[in-house]
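What follows is a single structure, written as structure tokens, with notes after it.
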Amino acid sequence: MRTELFKVASSRWQPVALTAMVILHVPPMLWAGQNAQAAWNGLRSRSGLFTAYTVMAFGVLIVAQEYRHRTAALAFLAVPGRRRITIAQYLTVAAVGLVLSAALFAGWLVVGAVRHGGPGMHLDRPADVAAAYGVVAVTVCAAGAVGVGVGTLLRGSTGALLALGGCGAFEPLLDATRFRGPVTAPLGVLAWPTSELETAALVSAVGWGILALAAGLFAVGRDLSS
């Protein structure tokens, strides 16, 4: 993980892109004028939706850069237990996602509390606040697992991002896959400004994340990219 975090920190654009994603939330925080109920209902979606898809793409990129810069073979030779690298990459992506989502969740929570008072943002009910962030954190980590898994399987950022984009365009066409597929499941959890939880979408998001990561771990242990 130290190596993966070093690569992220030493990149010319990854820290900037992640920071920009957070900064883009500042104007809506300052200008939004909703009431207390709307502020609470939208807390999960505002802190988690954009973050989940950013982390999904970040998961693809952090894996694919090994193949783009032809350092995968050297990395795998240096660490013969190649699955350890993929696990470290996922843990790095998940850690970044948790930091981003926590910062945005806290920001939207504080802004809502300043405008509408602590009770309006359920600060007098800390279990509600913890549960709301828990849903965001789990969904963001699941989205990151999908990104890492798909990036590991396809070994290229362009192909992986196109595959995810095509999957996301196809899933809404069928009732069985709408908000249940690997790309649209986070929408079912985070997209709607409501405090109600779409349990099936959350289970789907977690399930697809586990499946994608498991498939990536299986693939990376079978051969070595030349």
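The values are calculated or read from the model by the stated rules, or taken from the named source; none is laboratory data. The structure displayed is predicted, hence computed values, not measured ones. No Cβ is skipped: glycine too gets one built from the backbone with ideal geometry, and neighbour counts run over all protein chains shown. Protein only, heavy atoms only, side chains kept; ligands, DNA and RNA dropped before computing areas. Shrake-Rupley method; radii C 1.70, N 1.55, O 1.52, S 1.80 Å.
For the chain, the Cβ-based charge dipole about the Cα centre amounts to some 680 debye (Lys, Arg positive; Asp, Glu negative; other atoms uncharged). When exposed loop sites are taken as trypsin sites (Lys or Arg not before Pro) in a DSSP loop with at most 10 other Cβ atoms within 10 Å, the longest stretch of the chain clear of them is 71-221. Here residue 195 sits with roughly 60 square angstrom of accessible surface, probe radius 1.4 Å. Against the empirical 2.2 N^0.38 Å scaling, what ratio does the C-alpha Rg of the range 105-193 come to? With N residues counted in the range 105-193, Rg over 2.2 N^0.38 Å equals 1.40.
So what is the diffusion coefficient of the range 77-226 in µm² per second by Stokes-Einstein at 25 °C and 0.890 mPa s, using a Kirkwood Rh over Cα pairs?
145
Please report, to two decimal places, log10 I(q)/I(0) for the range 12-67 at q = 0.13, 0.17, 0.21, 0.28 Å⁻¹ as given by the Debye formula with identical point scatterers on the Cα atoms and no solvent. Debye curve over Cα of the range 12-67, log10 I(q)/I(0) at q = 0.13, 0.17, 0.21, 0.28 Å⁻¹: -0.44, -0.65, -0.85, -1.16.
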